[in-house]
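Asks: Would you mind keeping the following structure in view while I ask a few things?
No value in this document is a laboratory result; all are computed from the given coordinates. Being a predicted model, the structure only gives us computed values, none of them experimental. Because the Cβ atoms are built from the backbone with ideal geometry, glycine has one as well, and the counts that use them run over all protein chains shown.
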Amino acid sequence: MQIRRATPEDFEIIYNLAVNTWNVTYEKILSKEQLDYMLDMMYSLNAITDQILVKGHHFILLSENNNYLGFASYELNYLSGIAKLHKLYVLPETQGRGAGKLLIDKVEEAAKRNGNNIVSLNVNRYNNAVNFYIKNGYKKIKEEDIDIGSGYLMEDFIMEKSL
Ligand SMILES: CC(C)(COP(=O)(O)OP(=O)(O)OC[C@H]1O[C@@H](n2cnc3c(N)ncnc32)[C@H](O)[C@@H]1OP(=O)(O)O)[C@@H](O)C(=O)NCCC(=O)NCCS
């Protein structure tokens, strides 16, 4: 498996990975309406371009034999000394083969290299990925409900790992 940095030109690759992963991940957690609303808010061409070029989020893409299988995005110095993992998605058929661990390791390496000694993230409280993060050294810090407009809420845990 290989990992490379993504640019806004990779928008379609990122979008397709997100759609394919989100539908399976969130079908029992979110209504179809909320899922589509959030995909549009976070993964439209404008949203991804803004995240990369304006907000300075770093996107990394994982591939194997020229097939893209997953991605992560993160932000250094989100708060003083703290990096934020914004996104981590591996295609359903690829999950359980070490791709998620490779991606999160890359994020943690980049954080450390840049003097960020904590990685923070938000994860839906009903998402099984909470257990992946616990397995990989993250701890639940608190609960956070975020109003994302149109009557929708994100019901998250904030989790953190000290590097
Ligand atoms: C969560 C996710 C990124 C993990 O990636 P993955 O490629 O499936 O995980 P890996 O194969 O790298 O697993 C690494 C380790 O974590 C463990 N693990 C993976 N998923 C787990 C889970 N849901 N619960 C507990 N442990 C888990 C693995 O057993 C493995 O342990 P090992 O090192 O002892 O073998 C992936 O399953 C995914 O994309 N899920 C859907 C999307 C999602 O919810 N993303 C997070 C949004 S915040």
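Asks: Could you tell me whether any residue of segment 82-93 is acidic (Asp, Glu), within 29 Å of GLU33 (Cβ to Cβ), within 14 Å of the ligand (Cβ to nearest atom) and surrounded by fewer than 16 Cβ atoms within 10 Å (Cβ to Cβ)?
Replies: Scanning segment 82-93, I find at least one residue that is acidic (Asp, Glu), within 29 Å of GLU33 (Cβ to Cβ), within 14 Å of the ligand (Cβ to nearest atom) and surrounded by fewer than 16 Cβ atoms within 10 Å (Cβ to Cβ), so the answer is yes.
Asks: Could you check, for segment 53-61, whether at least one of its residues is over 13 Å from the mean Cα position of the chain (by Cα) and surrounded by 14 or more Cβ atoms within 10 Å (Cβ to Cβ)?
Replies: No, segment 53-61 has no match at all.
Asks: Among (1) part of a helix (DSSP H, G or I); (2) among the hydroxyl-bearing types (Ser, Thr, Tyr); (3) within 14 Å of the ligand (Cβ to nearest atom); (4) closer than 21 Å to ALA6 by Cα, where does TYR133 come up short?
Replies: (4)
Asks: Looking for whichever is under 30 Å from TYR152 (Cβ atoms), surrounded by 14 or more Cβ atoms within 10 Å (Cβ to Cβ), in contact (Cβ under 8 Å) with a residue 24 or more places away in the chain and more than 11 Å from the ligand (Cβ to nearest atom) here; the options are VAL119, VAL123. Which one fits?
Replies: VAL119
Let's see how each residue does on (1) touching a residue at least 60 places away in the same chain (Cβ under 8 Å); (2) assigned to a helix (DSSP H, G or I); (3) aliphatic (A, V, I, L, M):
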residue	(1), (2), (3)
TYR68	no, no, no
GLU75	no, no, no
ALA83	no, no, yes
LEU102	yes, yes, yes
ILE141	no, no, yes
ILE158	no, no, yes
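Asks: Kindly provide the set of residues from segment 20-38 that are surrounded by 15 or more Cβ atoms within 10 Å (Cβ to Cβ), of a type in the set (A, V, I, L, M) and either part of a helix (DSSP H, G or I) or touching a strand residue (DSSP E or B) at 6+ places or on another chain (Cβ under 7 Å) (or both), ordered by number.
Replies: Residues satisfying the conditions are LEU35, MET38.
Asks: Tally up the residues in segment 104-120 that are within 20 Å of ARG5 (Cβ to Cβ), of a type in the set (A, V, I, L, M) and not in a helix (DSSP H, G or I), please.
Replies: Number of matching residues: 1.
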